[in-house]
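To keep things clear, I will list the structure first and then write my remarks on it.
The numbers here are math on the coordinates, done by the rules we state, and not lab data. Just so it is clear, the structure is predicted and the values come from calculations on it, not from any experiment. Reconstructed Cβ throughout: ideal geometry from the backbone, glycine too, with neighbour counts over all protein chains shown.
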């Protein structure tokens, strides 16, 4: 407990925000504003499963928090604070310094201070578990089941780069150092649109973050909401670094590529102007890519209106 | 994501309490009562480090939640809900059924429903991370720094059994099947006094849960509160199963034995009757074991008033 505590104190302790109780007691504590509910999510990342052993530790620290902030964003929740569990095979001060810097930089910019956690020596490889907590008015939360027939479908940011970077790193695409350099940040340092997401609460209807691929993730909204959708393939916001790639590679990246951590959301047609204005204010790119229909199923309309719905699934941790 | 989700649904999903949002969206959500702060803690348990590979899965499910409930108890917080991250090397349905039963039985009795989580395939061994969330009025929370000179020191439950069971299992004591049978539940199925703990908010001063040994843990209160303490060794509530053991073994178990998950707390002398009444109502054993003094340091008074403060430290994950 002593050395363990020193470790936390040295790399992870920051002064807790006013009114918060941070590291050093049995629990961390913080207030939730009246009228809001607490929103929370947790993600476990394991070396050799979710990241490579030689991952740049700053990128890992960033991403471990980013994937959780993405879940808060998908509810339209404002981040309040986070907890970090970290197991390491040995204490490596350079590694810890870089990891904690990557973590804290994102925590600060997202307003999601680290207020507690746990550390341990692992038997094998690095293990990271982050829990985020945020707040949202319960009736404004962006639920998966809230899509309405006639809604527009939108995505934030661009699509495809993280998938291409992953495939390059895994050797599933021919080596291309230039393309890897242009796409790697999307995989390793995703930036969920947390500011924009908060402004969507009470404006948009359904939302989720694209972690397992647009097609599969949108499928969760359709299933939960009991409806279908049509996507306009040509409208999908392709990452500019991917221009010129083979059509099949692009289709896979756009429709089934995971690790995106951007939002896919639905909203009424009367909200188009509002959504673009809010996006400008949050400096977030937003693109309208289709609409919700009553008829079940997801149809992706390609050139000439042909259905090009990809058969590729998303990422399955147990497959 | 599909099979992963099925796994969660099959073994861990329960209907979320009214007003809560449980498994199935990007975040879980729940209300926090006005006037209360959210209290939260997280614990990471790794096979081969925190538990044996052949641990009975029901006991592991129980303990993973119990150690976290113990942290809430140590703040005087009422449990609201919990999150579970679970990584397994392979899907073993018998194991999952037993683990989830152990987890849910405790969650139900403590009023701390599982409302979300994450699952993954591990590379090596089982990994469990639990995050608990509860609520407490901020000015009534049992802080480590809140001990006052003249306070009584109390412990809940009994001491020593978990340590003896652990030493028997590790072969650090001669085999004794009868003693192991009598002590094993204390190690594997600890029951933190969560009901009593809630009633201590606003009544007691400082508190923590005994996870690393009474002496070391009480030291955290003394350091945080800037005071010292005297313990009456003869008053320590020895687990009845340990009667007749060697004095040295007992002293180690009582003062330095970890994994207890009972509370050590301080309270004004005027609260003795109240504390006993509340303990009766919660069916919790409570024992007054010493007092807080201004002079720094911890003195354990043995037979004849001699200081027998053990030199043994507690458990250090990185030692």
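Over the stretch A:111-179, one equal point on each Cα, no solvent: what is log10 I(q)/I(0) by the Debye formula at q = 0.20 Å⁻¹?
Listed by q, the Debye log ratios stand at -1.00.
Any idea how far the Cα center of the stretch B:89-124 sits from the one of the stretch A:149-226, in Å?
Computed from Cα coordinates, the inter-centre distance equals 29 Å.
Could you work out which residue, out of A:267, A:64, A:283, moves most in a Gaussian network model of chain A, that is, has the largest mean-square fluctuation with Cα springs under 10 Å?
With Cα springs under 10 Å in chain A, the top fluctuation among A:267, A:64, A:283 is at A:283.
Arrange the following residues from fewest to most other Cβ atoms within 10 Å of their Cβ: A:40, A:274, B:284, A:266.
Ranked by crowding around the Cβ, least crowded first: A:274, B:284, A:266, A:40.
So if the hydrodynamic radius of the stretch B:2-139 is defined as the Kirkwood radius over C-alpha pairs, what does Stokes-Einstein give as its diffusion coefficient at 4 °C and 1.567 mPa s, in µm² per second? All intermediate terms of the calculation are to be shown ahead of the outcome.
Working: Rh = 15.2 Å.
After rounding, the answer is 85 µm²/s.
Can you list, shortest first and in nm, the gaps between the label point of residue A:307 and those of its counterparts in the other copies, using a point 7 Å from Cα in the C-beta direction?
8.3
Who wins for biggest fluctuation among B:303, B:113, B:193 in a Gaussian network model of chain B, springs between alpha carbons below 10 Å?
Its mean-square fluctuation being the largest, the pick is B:303.
Taking 2.2 N^0.38 Å as the expected size of a compact globular protein, what ratio does the Cα radius of gyration of the stretch A:63-202 give against it, to two decimals?
Values: Rg = 17.6 Å, N = 140, 2.2 N^0.38 = 14.4 Å.
Taking N as the residue count of the stretch A:63-202, the ratio is 1.23.
Quick one: with label points 7 Å out along Cα→Cβ, list the inter-copy distances for residue B:171 in nm, shortest first?
4.1
Would you report the distance distribution of C-alpha pairs in the stretch B:158-251 as whole percents per 5 angstrom bin, up to the bin with the largest distance?
For the stretch B:158-251, the binned pair fractions read 2, 11, 19, 21, 19, 14, 9, 4, 1, 0 percent.
If one takes the longest principal axis of the Cα atoms in chain B, at what angle in degrees, from 0 to 90 and to the nearest 10, does the Cα axis of helix B:214-225 lie?
Here the helix axis deviates by roughly 80 degrees.
Quickly estimate the mean residue ellipticity at 222 nm for the protein assembly as shown, helices only: each DSSP H run with n ≥ 4 gives -39500 (n - 2.57), and the total goes over all residues, rounded to 500. All intermediate terms of the calculation are to be shown ahead of the outcome.
On the way: 18 runs with 214 residues, N = 638.
Computed mean residue ellipticity for the protein assembly as shown: -10500 deg cm²/dmol.
Could you work out the equivalent-ellipsoid semi-axes for the protein assembly as shown, taking the square root of 5 times each eigenvalue of the Cα gyration tensor, largest first, in whole Å? Display every interim value, and only then the final one.
Details: eigenvalues 466, 122, 91 Å².
Ellipsoid semi-axes (Å, largest first): 48, 25, 21.
Would you mind checking the tilt of helix B:272-281 against the longest principal axis of the Cα atoms of chain B, expressed as 0 to 90 degrees and rounded to 10?
The answer is roughly 30 degrees.
Under 10 Å, Cα contacts only: if you run a Gaussian network model on chain B, which one of B:119, B:158, B:287 comes out with the highest mean-square fluctuation?
B:119
Can you pull a Stokes-Einstein diffusion coefficient for the stretch B:144-305 at 37 °C (0.692 mPa s), Rh from Kirkwood over Cα pairs, as a whole number of µm²/s? Walk me through the intermediate numbers first.
Values: Rh = 15.9 Å.
It diffuses with D of about 206 µm²/s by this estimate.
How far, in nm to one decimal, is residue B:148 from itself in the other copies if the label point is set 7 angstrom along Cα toward Cβ? Shortest first, please.
Copy-to-copy label distances at residue B:148, shortest first: 5.7 nm.
Have a look at chain B and give its Rg and Dmax from the Cα atoms, expressed in angstrom.
In Å, with Rg to one decimal and Dmax whole: 20.0, 67.
So what's the projected area for the stretch A:38-90, the Cα convex hull averaged over all directions, in nm²? Provide the component values of the computation, followed by the final result.
Numbers: hull surface 16.6 nm².
Taking a quarter of the hull surface, the average projection is 4.1 nm².
Give the angle, between 0 and 90 degrees and rounded to the nearest 10, that separates the Cα long axis of helix A:57-75 from the longest principal axis of the Cα atoms of chain A.
50 degrees
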